[in-house]
Amino acid sequence: MLPREDFIFTIGYDGPTAVIDKQAKRKYGKLSTRELAEKGLFRPAYSSAVFSGDKEEMIFVEETYKRLGVETGLSENDLSAMDRLFGVSLVDVNKYIAL
C-alpha cells in the first residue's frame, strides 16, 4: 500500500504502478483532510478521507463541496457516488512514478 501522501496525489495508474503528482504532493502533502477541502483540493481531500477510512471526513468533504453551489446530483451522503465522482478507490499498489 502506498503512503498517505502518495495515495492522495495519485493522478492515475500505469499498469500496476501509481502515477503521483510530485509537485502537489510536495506543496500540500502534509495538510489534513479538512485543510485540503478548505483549500478547494477536493479530490485529494476525498482521497485522504478514503485512505483514513473515516466516514465523518468523507461526509465533511462532500458537504464542503456542495456548499460551493455545485449541483452534483448526489443523494444525501451517497459516498459511493463520491467515489465515482472523484475516481477514488483503495488499490493495492506498491510502486509509483512521480511526475
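Calculated from DSSP H runs of 4 or more alone, at -39500 (n - 2.57) each and per residue, what is the 222 nm mean residue ellipticity of the chain, nearest 500?
Only helices count here, giving -14000 deg cm²/dmol.
Starting from the amide H of Y96, placed 1.01 Å from N in the peptide plane, find each other amide H under 5 Å away whose residue is 5 or more places distant or on another chain.
Amide H to amide H, under 5 Å and 5 or more residues apart or across chains, Y96 pairs with A18.
Starting from a Cα-only point model with no solvent, please compute log10 I(q)/I(0) by Debye for the chain at q = 0.16, 0.18, 0.25 1/Å.
The calculated log intensity ratios at q = 0.16, 0.18, 0.25 Å⁻¹ are -0.63, -0.79, -1.35.
Return a whole-number percent for the relative contact order of the stretch 4-98, with Cα pairs under 8 Å and 6 or more residues apart as the contact set.
32 percent
Take a quick pass over the stretch 1-75 and tell me how many lysine pairs come in under 15 angstrom between Cα atoms, counting only ones 8 or more apart or on separate chains.
For the stretch 1-75, qualifying lysine pairs total 5.
Round to the nearest 0.05 the FRET efficiency obtained for L68 and I11 when R0 = 25 Å and r is the Cβ-Cβ distance.
0.70
Just so you know, all these numbers are worked out from the coordinates, no wet-lab data involved. Keep in mind it's a predicted model, so treat the numbers as computed, not measured. Don't worry about glycine lacking a Cβ; one is built from the backbone with ideal geometry, like all the others, and counts go over all protein chains shown.
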